[in-house]
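What follows is one structure encoded as structure tokens, with my remarks underneath.
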Amino acid sequence: MPPLQPSFSGMMLTWFARDDTPALMGPRVTLRAPRPGDYSAWRALRKESRDFLKPFEPRWSEADLSHSVFSARMKRGREEARAGTDYTFFIFRRDGEREVLVGGLTLSNVRRRAAQYVTLGYWMGQAFAGQGLMTEAVGTVIPFVFETLGLHRIHAAFLPANKASRRVLEKNGFREEGYAEHYLQIDGKWCDHVLFGLTRERYEAALKHGRR
């Protein structure tokens, strides 16, 4: 049986779709846009971490791990980055010359004019949780938001019981700003969320005093 050939649409995506998402480097992690060759690692990590992620994410199924869904999301991510509205990053831990996929991070719903803000979201594979990698990843993307995109605020939200997410944000200078009832649909239920934010003023003050 001859080897399977990539679809024409997949080849078009690989060859011609411009990728406007930058690669960002932290001490241990690299953030960059998903690429076609990341599919197997992404599928394995999401599948292995399903029970771990289920209480914190919108409901998803095995069908959401298909190659076609991955390709569609990658294509949409590149279109959104090109439009400047959303940026999708995979998080890799550098292991010598090898990169290991550990999670993902999104900057979504960029608003300009009077608002000048973006919403931050992230997920971490179960095997890599508790190692400070997400704290570093968030710290790595913050300068991109304020210095490259020129925005004024970053918004983030998490479930009240998610202490790990609270720590990630607090370590990066975010402050609690409110509580939203039935804010997002998580695992099939509308759930309350704690609202956190980071302003440009607080970010620049931390830089001035050497806290970043």
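The table that follows gives values for the structure above.
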quantity	calculated
Extreme residue, surrounded by the fewest Cβ atoms within 10 Å (Cβ to Cβ), among residues of the stretch 99-133 that are of a type outside the set (Gly, Ala, Ser) and at positive phi	ARG113
Some residue of the stretch 193-205 being surrounded by fewer than 16 Cβ atoms within 10 Å (Cβ to Cβ), in contact (Cβ under 8 Å) with a residue 24 or more places away in the chain and within 24 Å of ARG32 (Cβ to Cβ)	no
Complete set of residues in the stretch 162-192 that are touching a residue at least 24 places away in the same chain (Cβ under 8 Å), among the aliphatic types (A, V, I, L, M) and in a strand (DSSP E or B)	LEU184, ILE186
Test result for GLU136, surrounded by fewer than 16 Cβ atoms within 10 Å (Cβ to Cβ) and either modelled with pLDDT of 95 or more or assigned to a strand (DSSP E or B) (or both)	no
Test result for VAL102, within 28 Å of LEU198 (Cβ to Cβ), in contact with a helix residue (DSSP H, G or I) (Cβ under 7 Å, 6 or more places away or on another chain), of a type in the set (A, V, I, L, M, F, W, C) and without any contact (Cβ under 8 Å) to a residue 40 or more places away in the chain	no
Sole residue being more than 26 Å from PHE70 (Cβ to Cβ), modelled with pLDDT of 95 or more, among the β-branched types (Val, Ile, Thr) and touching a helix residue (DSSP H, G or I) at 6+ places or on another chain (Cβ under 6 Å), chosen from ILE142, ILE154	ILE154
Pick from the stretch 50-61, criterion under 16 Å from the mean Cα position of the chain (by Cα) and not in a helix (DSSP H, G or I), ranking: farthest from LYS189 (Cα to Cα)	GLU57
Filter pass, ALA127 being in contact (Cβ under 8 Å) with a residue 12 or more places away in the chain, touching a Gly at 6+ places or on another chain (Cβ under 8 Å), within 25 Å of ARG28 (Cβ to Cβ) and in a helix (DSSP H, G or I)	no
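The values are calculated or read from the model by the stated rules, or taken from the named source; none is laboratory data. Source: prediction; values computed, not measured. Every residue, glycine among them, receives a Cβ derived from its backbone with ideal geometry; neighbour counts consider all protein chains shown.
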